[in-house]
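This report refers to the structure that appears directly beneath it.
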Amino acid sequence: MIIDVELEKNEILKRYRKLLLLAKKSRDDLDKKQIRKAFNVALEAHKEMRRKSGEPYIYHPIAVAQIVAEEMGLGTTSIVSALLHDTVEDTEITLEDIDNMFGPKVCLIIDGLTKISGIIDHSDPNYSIQAENFRKMMLSLSEDVRVILVKLADRLHNMRTMEFMPRHKQLKISYETLFIYAPLAYRLGLNAIKTELENLAFQYTETELHNEIINKLKEGQRKLTRYINKFSLPIINSLTDKGYDFEVSGRPKSPYSIAQKMKSQNIPFEEVYDIFAFRIILNSTPENEKSECWNAYSLITDMYTPRPDRLRDWISNPKANGYESLHTTVMGPEGKWVEVQIRTKKMHDIAEKGLAAHWKYKSKDGSNSDNRVDEWIEKIRKLLESPHNQAIDFIDDVKLNLFSDEIFVFTPAGEIIKLPIGATALDFAYEIHSRIGDACIGAKVNHKLVPLNYKIKSGEQLEVLTSKKQVPKQEWLKIVTTAKAKHGIKNGVKRDRKIIATDGKEKYNRIMKGIPEASPELLPELISHFGTSDAVELFVKIAEHKIEKGAIKNYISQRNKHQKAAEDALLKQVVKSKAKGDGVTAKSFKKEDVLVLGEDKDIFDYKISPCCNPIPGDEVFGFVTVVDGIKIHKTNCPNAMHLQANFAYRTIKAVWEDKSKNEFLTGVRFTGTDDFGLVSKIVTLISGESKLRIKSIKFDSDHGVFEGKVMLFVQDTKELLDLSNKLKEIKGVHNIKRIHTN
Ligand code: MN
């Protein structure tokens, strides 16, 4: 392609001058020097670049600036931002350069514009969520609403010049326009831009239907024009008679809105009755605008019968986006319904250009342009945040005032993630996937490395850094805010603990294999000995070397020593008792039986007589001697007859009784200083001296202090009390308490 450089230069300048001219038309407060500077910077930055069409790239920023100035009525800051809007993203120019050359305000707008650059894929199943998030993000990002306005202008120009794009890109951009940009334009009251965006997108997304509607409108145009003339003539005459300054226009509705009607009512083109809208624009003074609109309404409805259900009074109650107008539908000639819109010039400008047009009417005092725009922005912001939206015809019911506690960030692939304010890089990682969260070691924010607890801000692009070696940590719970992240961390920690516990259990089993005395009963003892809450915790601590093999071995050997000492002491006692009975054999000694004497069945000290050697179960009697106390003889002892006959007063009734029948199981618990001799003393006292039968005995020792538990049989509480008193006398025994179970 041969390019005539001179010709191009001239064309660029021509376009620039046209921009200035149109801008001056809608604003008389422009800073031409700033605009010139921005133009020169953009021209230089984009000088090597061309659009898909082959045209110099600079045509695009000039066109965007023109939309901003002419169609939105914005001033210097917006025009400058529009001229520079693609420089930071596509050229060598940095935000810092912009800040230095044009100040912080323009810099902020360019920054916002650069961030809102991703295209959302309409084939994504979450498309509508993505689109809504994107719209919200734009609003939350836009500390300055001009970011959105310049973005809209950018999009409008791209849509107008999309014919050189490949088909798939045309589709992507068109869907995005329908879902995001047209609704935004509507919210901001930019109706003309909204309608144009919709129609341009419609042309690409549903080319056939679009062409069908265009063709049918063309075919019927002559007929339609005739009809409109017929309909409007009496109105024009009547309004002229009354002395109104006005314009009328009757034009077909946009192909997109006709298509919407066909679809929502499921009817062919021919059945859409209000194919065109008839508009009356009155040139009234601010004081008279309302009454003149209503007067016009009354004139028209005198001529044509209105449908009462179709009256819309947007004058008394303007739409949230600032739209003011009076709509009615009347029965025209040939019995056809016609929609009539009545509004003033001012209302019309606002409807087409949005709230920016207000300023054209409100202050012509030449006050600082930035202040005026700031006030306007404030107004839009309030409108967007207004909670009173019952009467508002919002395109959806999302409450914009909720945005303040949400932030919107990008994945590297350009997907938008919504998070609550205060969310960290770790929250973001878990939002993507719990596996990503579990393995997260940090993130890159706009290519800079940040830690897990980095608080992310709207518009940032995050890339999560992961490591296979990373495991979720309990402490992470402190740095996340989303439920998803909290849940993920808890699960991850649990899962990780289970894996560690499995390791720990294997290790535990290996330790146990090396200890001959090991038994399954040891596990609960070890759990309580090491102060762990359950086996999992014990195993985790073993795996993490918090409990070492030595400590386990040590505990087991100490425990076995105690156990052995207690058992030895008991055995010794039994052997002693046996020895007491002189000739009584161990085999014949029945522990359950005890000898009771006298009518009251008291227990006394006695001696078994060696002459007949009675054993429990034998019929016996006692004989009281001076030297040996009570001696027990069998009733059939050879001596017995003699003794009973001559010394009847010294005999005493004696019966073996199964003592356990009258016994009660009880127990005592006590602590003491760890001394093996002590254990033996205690056992001797209980089973020897006090003659109480022990059911179980257990001594636990920890750091030189032991706890003893003895379960035994007593006949009454007195026995237990006696035992307690005797135990108290043993040095080193403390805190004796009665217990009922072991
Ligand atoms: Mn652009």
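Observations
- Checking each residue in region 73-89 for being within 15 Å of the ligand (Cβ to nearest atom), part of a helix (DSSP H, G or I) and open to solvent by 10 Å² or more (accessible area, probe 1.4 Å) picks out VAL88, GLU89.
- Hits in region 163-207 (condition: away from the ligand (no atom under 16 Å from the Cβ) and of a type in the set (Asp, Glu)): GLU163, GLU196, GLU198, GLU206
- Evaluation of LEU299 against the conditions (1) in a helix (DSSP H, G or I); (2) open to solvent by 70 Å² or more (accessible area, probe 1.4 Å) shows that the sole unmet condition is (2).
- The test for being assigned to a helix (DSSP H, G or I) and away from the ligand (no atom under 11 Å from the Cβ) holds for GLU70.
- Selection status of LEU95, within 17 Å of ASP111 (Cα to Cα) and open to solvent by 10 Å² or more (accessible area, probe 1.4 Å): yes
- Checking SER458 against (1) in a loop (DSSP other than H, G, I, E, B); (2) crowded, with 18+ Cβ neighbours inside 10 Å; (3) at pLDDT 90 or above, the condition it does not meet: (3)
- Among residues of region 230-275, those that are loosely packed, with under 12 Cβ neighbours inside 10 Å and of a type in the set (A, V, I, L, M, F, W, C), counted: 1
- Of all residues in region 90-105 being not in a helix (DSSP H, G or I) and not polar (S, T, N, Q), the one that is nearest to the ligand (Cβ to nearest atom): ILE93
- Residue match in region 553-563 (condition: touching a Leu at 6+ places or on another chain (Cβ under 8 Å), open to solvent by less than 30 Å² (accessible area, probe 1.4 Å) and at pLDDT below 75): no
- Among residues of region 45-61 that are open to solvent by less than 20 Å² (accessible area, probe 1.4 Å), none has a Cβ under 6 angstrom from a residue that is modelled with pLDDT under 90 and within 14 Å of the ligand (Cβ to nearest atom) at a sequence gap of 6+ or on a separate chain.
- Region 463-487, residues that are more than 17 Å from the chain's Cα centre (by Cα) and within 12 Å of LEU419 (Cβ to Cβ): none
- Considering residues of region 146-162 that are among the basic types (Lys, Arg) and crowded, with 21+ Cβ neighbours inside 10 Å only, the residue farthest from the ligand (Cβ to nearest atom): ARG146
- Residue that is at pLDDT 90 or above, under 53 Å from the mean Cα position of the chain (by Cα) and among the charged types (D, E, K, R), where the choices are LYS261, LYS216: LYS216
- Residue count for region 189-201 under the criterion of being among the small types (Gly, Ala, Ser) and open to solvent by less than 20 Å² (accessible area, probe 1.4 Å): the result is 2.
- All told, GLU385 falls short of being modelled with pLDDT of 60 or more, within 30 Å of LEU462 (Cα to Cα) and surrounded by fewer than 20 Cβ atoms within 10 Å (Cβ to Cβ).
- Any hit, region 586-608, residues being hydrophobic (A, V, I, L, M, F, W, C), at pLDDT 75 or above, more than 60 Å from the chain's Cα centre (by Cα) and surrounded by 18 or more Cβ atoms within 10 Å (Cβ to Cβ): yes
- The set of residues from region 154-172 being without any contact (Cβ under 8 Å) to a residue 12 or more places away in the chain and of a type in the set (Lys, Arg) comprises ARG167, LYS169.
- Filtered residues of region 276-296 (kept if surrounded by fewer than 15 Cβ atoms within 10 Å (Cβ to Cβ) and not in a helix (DSSP H, G or I)): ASN283, THR285, PRO286, GLU287, ASN288
- Filtering TYR186, TYR175, TYR204 for residues that are open to solvent by 60 Å² or more (accessible area, probe 1.4 Å) and touching a residue at least 40 places away in the same chain (Cβ under 8 Å) leaves a single hit, TYR175.
- Count of region 424-443 residues which are surrounded by 18 or more Cβ atoms within 10 Å (Cβ to Cβ) and out of contact with any strand residue (DSSP E or B) (no Cβ under 7 Å at 6 or more places or on another chain): 4
- So ALA23, is it touching a residue at least 12 places away in the same chain (Cβ under 8 Å), in contact with a His (Cβ under 8 Å, 6 or more places away or on another chain) and over 20 Å from LYS115 (Cβ atoms): no
- With respect to being surrounded by fewer than 19 Cβ atoms within 10 Å (Cβ to Cβ), modelled with pLDDT of 90 or more and in contact with a strand residue (DSSP E or B) (Cβ under 6 Å, 6 or more places away or on another chain), ILE421 falls outside the description.
- Pair list, Cβ under 8 Å, 6 or more apart: region 414-427 residue polar (S, T, N, Q), other residue part of a strand (DSSP E or B): THR424/LYS455
The values are calculated or read from the model by the stated rules, or taken from the named source; none is laboratory data. Since the structure is predicted, the reported quantities are computational estimates derived from the model, not experimental observations. Ideal geometry is used to build each Cβ from the backbone, glycine not excepted, and the neighbour counts take in all protein chains shown. Side chains are part of the model used for accessible areas, which takes the heavy atoms of the whole protein and leaves out ligands, DNA and RNA. Shrake-Rupley method; radii C 1.70, N 1.55, O 1.52, S 1.80 Å.
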